[in-house]
Amino acid sequence: MKVVLLSSIASLKNGHASALEKPVTTPPKNQPAPFPFHGLLKNDGKTYSNWGLSNTTKPAVYAEPISYEDVQAIVKDTKRFPTPVSPVGAMLSVSKTIVNDGGTLLCTTKLDEIIGLETDGKGRKIVRVQAGCRLKKLNLWLQSRGFEIPFQAEIGEATVGSVAVGDTKDSSLDGVGFFSAGVTALSYVNAEGELCSISDSVDEASFYEFKCSFGLLGIVLECQIEVRPATLCTSKYSLHQLKSPEDLSEELIRLHKGCDAFFASVILDKLYAICDQRFKAGLGSITPASSQPQFNALRLAKRSNIQHGATPRPNINNLQPLIKEITYSRADMVNEYWRPSADESRVDFQYYEHDLAKIKAVISQSYAFTKAFEEKHSFVPNTWALYFLNRPESKKKPYGLYSSGLGVSFSFDPLFSNPTDPKWQMFAKEYNSLAIKTLGGKPSPIQTQWLKPDELVIPKKLAHPRFTTAYYSQFLG
Ligand SMILES: Cc1cc2nc3c(=O)[nH]c(=O)nc-3n(C[C@H](O)[C@H](O)[C@H](O)COP(=O)(O)OP(=O)(O)OC[C@H]3O[C@@H](n4cnc5c(N)ncnc54)[C@H](O)[C@@H]3O)c2cc1C
């Protein structure tokens, strides 16, 4: 892999790389770290949990670095910071991706500066931002300057570092629908503790591979993300109840064709869909005053619905869309979610990507599965999230989700309100087999839980032992 090592620490400005790209000599291995670690460090046996409180881990060391030098010190010092070193951001992920018992859990939360807007060597307008920055903060910052990124999923807590090399989904306007597609360059610390930069201008192939690596090749510290002038979106909401899963698929295909981006929340056991057809509505960075206060009511209703995992289930016999049509800034719809307590309802989900050609088979067989499960166990998921994404050419996404070349994908994701409910867990585990083995859906190690080793392959070349946890090593092939 061809990468540029960034200049030595003394020449780094304010802890960020700022394109000071001068090769340096790598210090020999097994030497003490050349600089002390200044950030927060805990090795008191404390446990850490993900947002949904469904996965807990007990690392030997938990560290919150406050500079790039700190991250280098951690990676270089194998005695003080036991292998594996695994990075986390907001720990929102539903799967065991955050689990690193006995290793070093490195949390990027304090590296969250937005460094600025620039024009890169290819003439693109980009924002340079640190890995621990949350997406809502980035969206607000760009919005106030009249810019946006195309990926504007409703999750504001996810961090840039995680989504730059991990899996995401959004029914984006004028965009592919996953965050990493917009990342044009990265700075990271490799397994030797060197600060490196990689981009689509210097070594395209390695760069695209790195963006499929889930932090197993290095800890992302800084990203450059392409931005564009901010735009508005008009959403048309509609409710549909169909007689059969085949009719439901046809209706969803029709609605998808009739707009610029499409999202639906499907109450599958009732063949009921709450649909959001999105249309480009021209330039603009802020939700028009004429859309208020309805927009804010809608935003808060959506946030509550997502936070609580689509519970209570709506009474579909008496359901009216809150709003039929509204024009808004998608950046305003990016929400913050509070960390729930164990007795609160909270969202949990499973993710699968399918090719659009399979939509009828996926919806029909998922419906049959759900009804059979309901009959046997009196349980159904609260809803299913249906995202549509546009896949790029496969060289730009060589592995994992969205790697099948140009085309349209959709996801069909069951969602529930209690991650630890035994019936939900049984449903999700059994459904994995249908979605992945029978229907050929692609899962994500970050967004799909209870995966078996034969249900996901991550190429060995995308993982270095210094960063590879037991969770990830089971998928290497
Ligand atoms: C309420 C809620 C709503 C959600 N909505 C959406 C949605 O609409 N769309 C969507 O796509 N997802 C959604 N998600 C999922 C979430 O966006 C992803 O799981 C995201 O990766 C979480 O970011 P994080 O910072 O919490 O990552 P973490 O959970 O902290 O880390 C996940 C993994 O990312 C990698 N990683 C983290 N930081 C770095 C780094 N600096 N360098 C290299 N690798 C790193 C590691 O493999 C790590 O294990 C939602 C989750 C919740 C709880």
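The values are calculated or read from the model by the stated rules, or taken from the named source; none is laboratory data. Here the structure is a predicted model, which means the values were calculated and not measured. Using ideal geometry, Cβ is built from the backbone for each residue, glycine included, and neighbour counts are taken over all protein chains shown.
Just the residues that are over 20 Å from GLY123 (Cβ atoms) and of a type in the set (S, T, N, Q), please, taken from the range 196-227.
SER206, SER213
So, in the range 447-477, exactly how many residues are touching a residue at least 24 places away in the same chain (Cβ under 8 Å), in a loop (DSSP other than H, G, I, E, B) and of a type in the set (Val, Ile, Thr)?
Matching residues across the range 447-477 total 3.
For residues in the range 298-319 being in a loop (DSSP other than H, G, I, E, B) and free of Cβ contacts under 8 Å to residues at least 12 places away in the same chain, which is farthest from LEU415 (Cα to Cα)?
Result: ASN315.
How many of the residues in the range 167-217 are over 19 Å from PRO398 (Cα atoms), more than 10 Å from the ligand (Cβ to nearest atom) and out of contact with any His (no Cβ under 9 Å at 6 or more places or on another chain)?
Count: 9.
Examine the range 242-264 for a residue that is within 22 Å of ASN305 (Cα to Cα) and either β-branched (Val, Ile, Thr) or more than 16 Å from the ligand (Cβ to nearest atom) (or both), and state whether such a residue exists.
The initial filter retains those residues of the range 242-264 that are within 22 Å of ASN305 (Cα to Cα), namely 252, 261-264.
Then keep just the ones that are either β-branched (Val, Ile, Thr) or more than 16 Å from the ligand (Cβ to nearest atom) (or both); that gives 252.
Checked against the condition, which is being within 22 Å of ASN305 (Cα to Cα) and either β-branched (Val, Ile, Thr) or more than 16 Å from the ligand (Cβ to nearest atom) (or both), the range 242-264 yields at least one hit.
I'm checking my understanding of the structure. Among residues of the range 139-151 that are in a loop (DSSP other than H, G, I, E, B) and either aromatic (Phe, Trp, Tyr) or touching a Leu at 6+ places or on another chain (Cβ under 9 Å) (or both), which one is nearest to the ligand (Cβ to nearest atom)?
Here the answer is PHE151.
Does the range 412-431 include one or more residues that are touching a helix residue (DSSP H, G or I) at 6+ places or on another chain (Cβ under 7 Å), over 30 Å from PRO314 (Cβ atoms), part of a helix (DSSP H, G or I) and away from the ligand (no atom under 15 Å from the Cβ)?
No, every residue in the range 412-431 fails to be touching a helix residue (DSSP H, G or I) at 6+ places or on another chain (Cβ under 7 Å), over 30 Å from PRO314 (Cβ atoms), part of a helix (DSSP H, G or I) and away from the ligand (no atom under 15 Å from the Cβ).
Go through the range 120-138 and count every residue that is within 13 Å of the ligand (Cβ to nearest atom) and crowded, with 19+ Cβ neighbours inside 10 Å.
Going through the range 120-138 one residue at a time, the tally reaches 9.
Could you list all residues from the range 320-355 that are within 16 Å of the ligand (Cβ to nearest atom), in a loop (DSSP other than H, G, I, E, B), surrounded by 13 or more Cβ atoms within 10 Å (Cβ to Cβ) and not acidic (Asp, Glu)?
Within the range 320-355, VAL334, TYR337, ARG339, PRO340, SER345, ARG346, VAL347, GLN350, TYR351, TYR352 qualify.
Condition check ((1) β-branched (Val, Ile, Thr); (2) modelled with pLDDT of 95 or more; (3) within 16 Å of the chain's Cα centre (by Cα)) across all residues:
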| residue | (1), (2), (3) |
| --- | --- |
| TYR367 | no, yes, no |
| THR370 | yes, yes, no |
| LYS376 | no, yes, no |
| PRO381 | no, yes, no |
| TRP384 | no, yes, no |
| LEU389 | no, yes, yes |
| LYS397 | no, yes, yes |
| GLY400 | no, yes, yes |
| SER411 | no, yes, yes |
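Tally time: how many residues in the range 447-463 are more than 25 Å from TYR367 (Cα to Cα) and either within 12 Å of the ligand (Cβ to nearest atom) or among the basic types (Lys, Arg) (or both)?
Selection size over the range 447-463: 5.
Only residues in the range 100-119 that are within 12 Å of the ligand (Cβ to nearest atom) and β-branched (Val, Ile, Thr) count as the first member; pair them with residues that are part of a loop (DSSP other than H, G, I, E, B) and at pLDDT 95 or above, Cβ under 8 angstrom, at least 6 apart or cross-chain, and list the lot.
So the pair list comes out as THR108/PRO65; THR108/GLY89; THR108/ALA131; THR108/GLY132; THR109/GLY89; THR109/ALA90; THR109/GLY132.
Could you pull out the residue among SER329, SER345, SER285, SER364 that is in contact with a His (Cβ under 9 Å, 6 or more places away or on another chain) and polar (S, T, N, Q)?
Details: SER329 fails: in contact with a His (Cβ under 9 Å, 6 or more places away or on another chain); SER285 fails: in contact with a His (Cβ under 9 Å, 6 or more places away or on another chain); SER364 fails: in contact with a His (Cβ under 9 Å, 6 or more places away or on another chain).
When all the criteria are applied, what remains is SER345.
List, please: which pairs have Cβ atoms under 9 Å, are six or more places apart or on different chains, and start with a residue in the range 272-293 that is among the aliphatic types (A, V, I, L, M) and at pLDDT 95 or above and end with one that is loosely packed, with under 15 Cβ neighbours inside 10 Å and in a strand (DSSP E or B)?
Hits for this filter: ALA273/LEU239; ILE274/LEU239; LEU283/PRO229.
Pairs needed: first member in the range 171-183, on the phi < 0 side of the Ramachandran plot and assigned to a helix (DSSP H, G or I); second member anywhere, within 10 Å of the ligand (Cβ to nearest atom) and among the hydrophobic types (A, V, I, L, M, F, W, C); C-beta distance under 7 Å; at least 6 residues apart or different chains.
These pairs meet every condition: PHE179/PHE151; PHE179/VAL163; PHE179/ALA164; SER180/VAL163; SER180/ALA164; SER180/VAL165; GLY182/PHE151.
Please go through the range 190-204 and give me each residue that is within 18 Å of HIS464 (Cα to Cα) and either in contact with a helix residue (DSSP H, G or I) (Cβ under 7 Å, 6 or more places away or on another chain) or in a strand (DSSP E or B) (or both), ordered by number.
Step one: list which residues in the range 190-204 are within 18 Å of HIS464 (Cα to Cα), which gives 190-198.
Correct list: ALA191, GLY193, LEU195, CYS196, SER197, ILE198.
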